[in-house]
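Report on one structure; see the data block that follows.
The values are calculated or read from the model by the stated rules, or taken from the named source; none is laboratory data. It should be emphasised that the depicted structure is a prediction, and the values quoted were computed from it without experimental measurement. Positions of Cβ are backbone-derived with ideal geometry, glycine not excepted, and every protein chain shown enters the neighbour counts. Protein only, heavy atoms only, side chains kept; ligands, DNA and RNA dropped before computing areas. Shrake-Rupley method; radii C 1.70, N 1.55, O 1.52, S 1.80 Å.
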Amino acid sequence: MLISQNCETAAYIPDTITTAGVSNAYDRQAFAKTTIHVPGVAFTVQVSNRVTPNESTDDDWITLPDTYNPADGFAYVDMPVVWVRVKGTGLTKDTPIYILSNQYHF
């Protein structure tokens, strides 16, 4: 895990969670793979390839199957997508969400 937040691949903790239990949308278009860790919270991952997805509904988002969302609070998106966000009933404004992406295939 990278320590410097000046590096664009560093882990990221978002500032806000919406009241509906949905995180901000994070631009991942420069990356091939992304991991998401939300300690102690069951969540699902949604992705979008729209230029500007509507964040207030699910219309522009695809929910990834459960195989991407193990119950231990860690998910792995192994495909390039433009936007990623997480949804979960346990998400609050104080819930840390850690996102780390890699721009190389291996």
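Points worth noting:
- Rounded to the nearest 20, the size of the Cβ-charge dipole of the stretch 27-105 about its Cα centre is 160 debye, with Lys and Arg at +1 and Asp and Glu at -1.
- In order through the stretch 41-48: 3J(HN,Hα) via Karplus (6.51 cos²θ - 1.76 cosθ + 1.60), integer Hz, x for Gly, Pro: 10, 7, 8, 10, 10, 10, 10, 8
- As a length-normalised measure over Cα pairs under 8 Å and 6 or more apart, the relative contact order of the stretch 38-90 settles at 55 percent.
- Cα gyration tensor shape for the stretch 25-106, rounded if a/c is under 1.5, else prolate or oblate: oblate
- The Cβ shell under 14 Å around residue 48 holds other residues with a net charge of -1, Lys and Arg each +1, Asp and Glu each -1.
- Taking a sphere under 14 Å around the Cβ of residue 83 and counting the other residues whose Cβ falls inside, with K and R at +1 and D and E at -1, yields a net charge of -1.
- For residue 43, the solvent-accessible surface computed with a 1.4 Å probe is close to 20 Å², ligands and nucleic acids excluded.
- Heavy-atom accessible surface of the stretch 17-99: percent carbon and sulfur, 1.4 Å: 54
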